[in-house]
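Trainee: Questions regarding the structure given below will be posed in turn.
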Amino acid sequence: MTEELKEVTIKVVLIGDAGVGKTTLINRYLMDTFDPFEPPTLSGGFRTKDVILEDLHTKVTLQIWDTAGQERFRALVENYYREAQFVLVCYEIISEESFDAARNWIEEVKDKAPEEAQFFICGTKSDLNDQRMIQTIHGMRLAKEYNAQFGETSAKKNNGVNEVFEEIAKKYVETI
Ligand code: GDP
Ligand code: MG
């Protein structure tokens, strides 16, 4: 007899400077596509994907929220973070500016997201290693500071993308 899976839904919001590849990361995860000309503003809102964690007998529905480009104006409304269980903070490994901004984003979100919200820090565009400005260890240190998980991804080469979302799902289920 197969055991019933427990079902949970978690809200994951993506933040980080415009252009770091948030929308592209989501598209890779949800649809396995890569668009080198990802239009800067899509509709925003959320899309969902289920992750089955066999070992934990749980089906996790990830509700993945993208911005509609408001991050350009640092004007993400509080509603965006409301009831988020996870905040996925992105920077691109080729830009120091985006890395510095990641810290600012975390600080800003800490005031707006629920206190129990967890952070995952993601260094994007790892395929552009020859232009790398941010060493992996620095990303890891930032994550450690905020008790966050960490990963590097390439949506282009499809490296590390599934892992980010699966680790988020797993971490959540392990801590509830
Ligand atoms: P957003 O503003 O954070 O949502 O960023 P976008 O998803 O719109 O991506 C900005 C640009 O970065 C687009 O031209 C993407 O094609 C490009 N991009 C996104 N992810 C990657 C990646 O993993 N590798 C490379 N080389 N380019 C990427
Ligand atoms: Mg976008």
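Trainee: Between a first residue in the stretch 49-74 that is closer than 20 Å to Glu163 by Cβ and aliphatic (A, V, I, L, M) and a second residue that is open to solvent by 30 Å² or more (accessible area, probe 1.4 Å) and within 16 Å of ligand 2 (Cβ to nearest atom), which pairs have beta carbons less than 7 Å apart while being 6 or more apart in sequence or on different chains?
Mentor: So the pair list comes out as Ile64/Phe46; Ile64/Arg47.
Trainee: What pairs can you find where one residue is in the stretch 102-115 and more than 12 Å from Ala84 (Cβ to Cβ), the other is aromatic (Phe, Trp, Tyr) and not in a loop (DSSP other than H, G, I, E, B), and their Cβ atoms are less than 8 Å apart, with a gap of 6+ or different chains?
Mentor: Ala102/Tyr91; Ile106/Phe119
Trainee: If Glu7 meets every condition in (1) loosely packed, with under 13 Cβ neighbours inside 10 Å; (2) over 25 Å from Ser126 (Cβ atoms); (3) out of contact with any strand residue (DSSP E or B) (no Cβ under 7 Å at 6 or more places or on another chain) apart from one, which number is that one?
Mentor: In the conditions (1) loosely packed, with under 13 Cβ neighbours inside 10 Å; (2) over 25 Å from Ser126 (Cβ atoms); (3) out of contact with any strand residue (DSSP E or B) (no Cβ under 7 Å at 6 or more places or on another chain), Glu7 misses (3) alone.
Trainee: For the stretch 60-90, what are the residues that are under 14 Å from Ile26 (Cβ atoms), part of a loop (DSSP other than H, G, I, E, B) and among the aliphatic types (A, V, I, L, M)?
Mentor: Ala68
Trainee: Run down Val8, Val20 and say which single residue is in a loop (DSSP other than H, G, I, E, B), hydrophobic (A, V, I, L, M, F, W, C) and either farther than 22 Å from Ile94 by Cβ or within 12 Å of ligand 2 (Cβ to nearest atom) (or both).
Mentor: Being in a loop (DSSP other than H, G, I, E, B), hydrophobic (A, V, I, L, M, F, W, C) and either farther than 22 Å from Ile94 by Cβ or within 12 Å of ligand 2 (Cβ to nearest atom) (or both) holds for just one of Val8, Val20, which is Val20.
The values are calculated or read from the model by the stated rules, or taken from the named source; none is laboratory data. All figures in this text were calculated on a predicted structure; none of them were measured in a lab. Every residue, glycine among them, receives a Cβ derived from its backbone with ideal geometry; neighbour counts consider all protein chains shown. These accessible areas exclude ligands, DNA and RNA; they are computed on the full protein's heavy atoms, side chains included. Shrake-Rupley method; radii C 1.70, N 1.55, O 1.52, S 1.80 Å.
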